[in-house]
Amino acid sequence: MTFVQIVECRTEQPDELNRLMDTWIEQTQGRRTATHSMVGTDRDDAQHVVEIIEFPSYEAAMRNSGLPETDRIFREMVALCQEPPTFTNLDLVRDDQFHKEAARRLLMDPPTGDMTVLDELLAPDYCDHDPTMDGETVGPAAVKRMIEGYRTAFDFTFDIQSQIADRDQVASRWMWRGTHIGEYMGMAPTNKTIECAGMTIFRFEDGMVKEGWWSWDAVAMMRQMGMMPS
C-alpha cells in the first residue's frame, strides 16, 4: 500500500531548507525509496513549510529513513527550524488522477461535435505538436478548426487502450477508427473504414493543458485509403 508522509515545520530559512533537500537528493541517488516529493510554503504564513513525500509502502519509507544521509540531513533540518518538525503518516486509500479523465475527454468529446471541452481544458496559448501537420497548431480556436476539418472528411472515434499519468503529463495510447465520408487531401470520399494506432501526451499546467504531442501511423492510414501502395 502506498505510504505518504507529511512533514511540517516553521523556519526563517526556507532557502537553506531547499538546499538541504537538494543535497539529500544528490547523495541518495540510486538508494532512496521515495517516489515523489513536494515542498510548499503556506501562502498565509511564509515560515510554515510543508513537505509531502510518497513511498511505495511503509516498509520502503522505513528503509529510506535508515539511510545515513537521511538521518544527517534531518538533524540539519531540525537545526533550521524554530520548533521540532511534526510528522503525519498516511496509508493511501484513494488517489484520484483527474488529469487522466481530462485527457480522455479531450480525445473522446470533440469527434462527437462537442467542442466545449477545448475551451474548458486547453490553455489560451496551448501548442499542438504533430509531425504530420505543417507547423504547430496554437490556441483552442485553431484546434477546433483542425478537428472540424477531420470531421468533414471522417466519421471517427478514438478508442483509448491505456493511459499513464506522471505528475503533469498524461500519455494515452489509442486506436483511431474513421469512415471516409468527405474529401481528404484531395481524395474523394470512399466510405472505407480506416484504422490507425497512435499516442498522445498532454502536459498540464495550473489545471489546463499547455502542450500536446501526437505520434500516429499516418502511413497505415494512407495505405488503407489507397493513397499509397500496400
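Largest accessible area first, the listed residues S172, S57 line up as S57, S172 when surface is computed with a 1.4 Å probe on the assembled protein chains. Could you list, by residue number, the cysteines of the chain that have no other cysteine's beta carbon within less than 4.7 Å of their beta carbon? Within the chain, the cysteines lacking a partner Cβ under 4.7 Å are C127, C196.
Antiparallel versus total DSSP beta bridges in the chain: what percent is that, nearest 5? Roughly 95 percent of the DSSP beta bridges within the chain come out antiparallel.
Among the trypsin sites (Lys or Arg not before Pro) found in the stretch 6-106, those both in a DSSP coil and sparsely packed, with 13 or fewer other Cβ atoms within 10 Å of their Cβ, are R31, R43, R94. For the stretch 102-230, the relative contact order works out to 22 percent when only alpha carbon pairs closer than 8 Å and six or more residues apart are counted.
Tell me, how many Å apart are the Cα centres for the stretch 19-68 and for the stretch 187-230? That distance is 41 Å.
A full extension of the chain between E59 and M208 corresponds to an added length of 50.1 nm, given 0.36 nm per residue minus the alpha carbon distance. Put H129, H99, H180 in order of accessible area, highest first, and with a 1.4 Å probe you get H99, H129, H180. With all protein chains in place and ligands, DNA and RNA left out, the 1.4 Å accessible area ranks K192, K210 as K192, K210, largest first.
Rolling a 1.4 angstrom probe over the protein heavy atoms with all chains in place gives the chain an accessible area of 58 Å² per residue. Treating r as the C-beta distance of E12 and F87 and R0 as 22 Å, the FRET efficiency rounds to 0.55.
For the chain, the Cβ-based charge dipole about the Cα centre amounts to some 960 debye (Lys, Arg positive; Asp, Glu negative; other atoms uncharged). Under the combined filter of DSSP loop state and at most 16 neighbouring Cβ atoms within 10 Å, the stretch 131-196 retains these GluC sites (Glu not before Pro): E136, E183. Across the chain, the mean sequence separation of Cα contacts (distance under 8 Å, 6 or more residues apart), normalised by length, yields a relative contact order of 16 percent. Distance between the 7 Å Cα→Cβ label points at S37 and E101: 3.1 nm. Based on the Stokes-Einstein relation at 20 °C and a viscosity of 1.002 mPa s, and on the Kirkwood radius from alpha carbon pairs, the chain is assigned a translational diffusion coefficient of 101 µm²/s. Taking the protein heavy atoms of the chain in the context of the full set of protein chains, the accessible area attributed to carbon and sulfur is 51 percent at 1.4 Å.
The values are calculated or read from the model by the stated rules, or taken from the named source; none is laboratory data. Note that the structure is predicted; figures quoted are calculated from it, not measured. When we count neighbours, we look across all protein chains shown, and the Cβ atoms used for this are built from the backbone with ideal geometry, even at glycine. Accessible surface areas use protein heavy atoms only, side chains included; no ligands, DNA or RNA. Shrake-Rupley method; radii C 1.70, N 1.55, O 1.52, S 1.80 Å.
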